[in-house]
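> Here it is, the structure in full.
Rule-based calculations on the coordinates, nothing more; no lab input. The structure displayed is predicted, hence computed values, not measured ones. Note: ideal-geometry Cβ built from the backbone for every residue, glycine included; neighbour counts use all protein chains shown.
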Amino acid sequence: MTLGPAVDALAQWLSGPDPAWWAVGAAIVAVWVLPVLAVVFPVAAIGQIIERKVAAAMQRRHGPNTVGIDGIVRLVVRLGGFFLPRASQDRLVERICALPGLGLLKVLGLGQLAADGVKMIGKEDFIPAGTDGLIFRAAPYLALTGAFLPFAVIPFAQDLVALEVPVAALYALAVSGVTVIALLMAGWGSGNKFSLLGGMRAVAQVISYEIPVGLAIAGVVLWCGTMDLHQIVAHQYNGEWYSFLGWNIVQSPFLFLLACILFFGGLAECQRTPFDMAEAESELVSGFNTEYSGLRWGMFAMAEYTEMILVGCLVSTLFLGGYQSPIGENWIITLAPWLQTILHVGIFAAKFTAFVVLMVWIRWTLPRFRVDQVMRLCWLTLVPLCLVCLFGLALTMLLANGTVTGAAFGRLPAMQHLALGPVGYLLAWAIPVAVAVVLIVLARRKYGQMHPALRELTGGAS
Amino acid sequence: MSSDLAIESAGGERMRINMGPHHPATHGVLRLIVECDGEIVSSATPDHGYLHRSIEKIGECVEWPMFVPYTDRVDYVCAMNANLAYCVAVEKLLATDKTTAVQVPRRAEVIRVIVAELNRISSHLVAVGAMSMDLGAYTPFLHGIAQREGVNDIFEKLCGQRLTYNYITIGGVGFDLHTGAVEEIESFLAQFEKEMIRFNKLITTNTIFRDRCAGIAVISAAEAVAYGLVGPNLRGSGVDWDIRRDEPYGIYGELGVRVPVGQGYAGRTGKVGDCYDRFIVRLLEINESVRLIRAALKLLPPAAEKPADPVGGFQADVAKALRKPPKGEIRVRTEAPRGEMGYVIVSDGTKTPYRVRCRTGSFTACSIFNKLMKGIFLADIVTVIGSFDIVVPEIDR
């Protein structure tokens, strides 16, 4: 399912005599742009609908629920049945909308997505006076590009990956950094002080958080001995029915911590609450995208949702066995390839969707950090913690295997050999967990005392 | 005001930002002229007047009872308390002469306390909800607003309005309690207490929230008094002062109001008089208001046939007294959610006031802004504004 053959065919055809250039353009659009668009819009839409529904549930309201399919039906009937009298058009619309199932669509408010899309596209492309024209206009495209490029190397199933790169993990980290340039461009190009502050905050934050994120990925690379995401996934296969025990996240508490750091670092990189310094609507109005509207604003929004999904994909791939099922993976890989692919894509989608829901949940629960607190968290907590984890991981590998060079594994049926015996496995968990528990208890005893008035306010709970 | 704000050059590498009048966190149309060095604020000057409606001047043109609806607009977040302040002032004026003195029926006094405390709850819900929203947590705000709706529903049944009630009148209240009001209030309070526990678990004890408020904009007790802070802002600094207890009006004297004060609730990082203390004082006051409403409901005498009945009535007959009130000047202060709401009224013995002047908590709170906001982060500005719970119509009037 890679795009390789199509590109090869295209290149072959191009090298032939006298290519029709308009056809080349059309072919490029067909081969590259359309599939990308076909992915972009649904992906962003999934994020959007999750966000709005989860927020609505948390805030005890309905969320999008009125825009159903009837508006679209009405439009189609009006256009298609223009020769009919108005009254019978209306009756037809009523008939169609009364069909079972369409009502459900309305309840879910899925029509809202289409309505939002149409609204965004239909709005005036407003560019305020005083903006830095080219920079202002280019920023949204760059943001979207940066958000989508890393998807090229994410394996969605055994053979479902757009681009096979041996240094896929590094590539994903590198290209996702493009977004920060877009945020800076948006902040500078808007000619608005709030935007400028937002842009500067975004740069400071994203660049800082790339370090813990990079270190967390480095931990996996150390453990698995490869940067190829496919091989990292294969490394997490244990060949048993309880396949989740092969996942990186349960291999060692250090890997578990690194997974958490990767998730929170990712949260910070896509500027979500509690790390939404760059937008901070109560401080900076809307931060870097204050002056944007219509489709340009929509691109930033899509980039944000895409990045959320990217974080979910990365955590799943690196720590949660990628596209593997938590139980019965050994059975799945005996199935027919097409069935395997479908199952794997579904499982992978379930994993990253769970992370997106988690991110939305966090967003609508927590307040926002302050700029200095975000920086302190990154440099004084996450980075040292990452280093400790890397050291602990290397130590574990050294004690268990006598080497810190992770063994590279092949594709899936190749079995992963448990690096640690049962005793080593237990010790590897027990010692760090015990240390952590002691630290937490001490910290609670020293800092965790709540004022009695607060205990009263929370109903006596400590 | 604007002339001395027109600083020739901000000096050095400072940036000047206009926060407001249209800004999500300035609670209306407050304008702060912020000068900052990157993220650090070097000065923040409030600029008022965007919502000025000459309410005090209108007071000189309308008859005594006709000014009551205008008091709603002085502070529409707690209109009942605003009504009450003016009505208590006029009643005190009438009491200076034996011929015009009115006795507010006992039942009306109890109803006044009930509605004033309900309104205090709903006002504080806006305050704590908006503060958490300013700090980036949107969900608690909506949960607070949902509870406020419960209060509004009761008020709507009581007087037909949800925001500007015009309910408390000179000499009593506009209408008697509707049928089933007591049960409604009791059932509202029962579910409200549970909801507040959830609210507090969600936001109040949240570590991020606490760390953002703790130690920010600390005001010492002496400073708070010197700057004329009132209400929860004053009590947040540890000053034990509440008009309801110390200069009681109505039946507050019988209820024994307990006054929460700031004690450095944030713990290790907190100081007495920081933003977190002001926030917690409001929450504790909500609990105290719940207790006061329950106590007042117990005191409620049964309704009488005649509206002017001194015990079971709801409205004393004041029409004659207001046509020819005694001459004189009266100053009355009451405890509104945003602190002392005082009225100075001057009467020249005619049916319109000679002068009506009100003193509100938000206005004096603005005087300390510039001092507090030197050297804090840009993000802390919204914390400080939120912790003071300013309502802009109260500043501008």
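> Counting only residues that are within 11 Å of chain B (Cβ to nearest Cβ) and of a type in the set (Lys, Arg), how many does the stretch A:253-302 have?
Adding up the residues that qualify gives 1.
> Taking only the stretch B:174-211 into account, find how many residues are polar (S, T, N, Q), within 7 Å of another protein chain (Cβ to nearest Cβ) and part of a helix (DSSP H, G or I).
2
The rows are residues; the columns are (1) in a loop (DSSP other than H, G, I, E, B); (2) within 14 Å of chain B (Cβ to nearest Cβ); (3) surrounded by 15 or more Cβ atoms within 10 Å (Cβ to Cβ).
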{"residue": "A:51", "(1), (2), (3)": "no, yes, yes"}
{"residue": "A:56", "(1), (2), (3)": "no, yes, yes"}
{"residue": "A:60", "(1), (2), (3)": "yes, yes, no"}
{"residue": "A:95", "(1), (2), (3)": "no, no, no"}
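> If I filter the stretch B:351-374 for residues that are part of a strand (DSSP E or B) and within 14 Å of chain A (Cβ to nearest Cβ), do I get at least one hit?
no
> Considering only residues that are out of contact with any Gly (no Cβ under 8 Å at 6 or more places or on another chain) and assigned to a loop (DSSP other than H, G, I, E, B), which ones fall in the stretch B:253-275?
Across the stretch B:253-275, the qualifying residues are B:256, B:257, B:258, B:259, B:260, B:265.
> Applying the selection to the stretch B:11-31, what residues are more than 12 Å from chain A (Cβ to nearest Cβ) and under 21 Å from residue B:133 (Cα atoms)?
B:21, B:28, B:29, B:30, B:31
> Sticking with this structure for a sec: Could you tell me whether residue B:59 is surrounded by 17 or more Cβ atoms within 10 Å (Cβ to Cβ) and of a type outside the set (Lys, Arg)?
Here the answer is yes, as residue B:59 does meet what is asked.
> Take the conditions more than 20 Å from the chain's Cα centre (by Cα), under 28 Å from residue A:59 (Cα atoms) and either touching a residue at least 24 places away in the same chain (Cβ under 8 Å) or within 14 Å of chain A (Cβ to nearest Cβ) (or both) and apply them to residue B:124. Does it pass?
no
> I'd like the full set of residues that are closer than 21 Å to residue B:50 by Cα and surrounded by 24 or more Cβ atoms within 10 Å (Cβ to Cβ), limited to the stretch B:363-383.
Across the stretch B:363-383, the qualifying residues are B:365, B:381, B:382.
> If I go through the stretch A:163-192 residue by residue, how many of them are over 19 Å from residue A:300 (Cα atoms) and not acidic (Asp, Glu)?
The total comes to 11.
> Can you say whether residue B:163 is more than 14 Å from every other protein chain (Cβ to nearest Cβ) and over 17 Å from the mean Cα position of the chain (by Cα), as far as the supplied structure shows?
Criteria not met by residue B:163.
> Could you list all residues from the stretch B:326-357 that are under 15 Å from residue B:397 (Cβ atoms), of a type in the set (Lys, Arg) and in contact with a strand residue (DSSP E or B) (Cβ under 9 Å, 6 or more places away or on another chain)?
Scanning the stretch B:326-357 gives B:355, B:357.
> Determine which single condition residue B:321 fails, assuming it passes every other condition in (1) over 21 Å from residue B:78 (Cβ atoms); (2) among the small types (Gly, Ala, Ser); (3) crowded, with 24+ Cβ neighbours inside 10 Å.
Looking at each condition in turn, residue B:321 falls short on (3).
> Continuing with the same structure: Among the residues of the stretch B:192-207, how many are free of Cβ contacts under 8 Å to residues at least 12 places away in the same chain and not charged (D, E, K, R)?
3
> Let me ask something else. Hey, can you tell me all the residues within the stretch B:302-341 that are in contact with a helix residue (DSSP H, G or I) (Cβ under 7 Å, 6 or more places away or on another chain) and part of a strand (DSSP E or B)?
B:315, B:328, B:330, B:332, B:333, B:334, B:335, B:336, B:339, B:340, B:341
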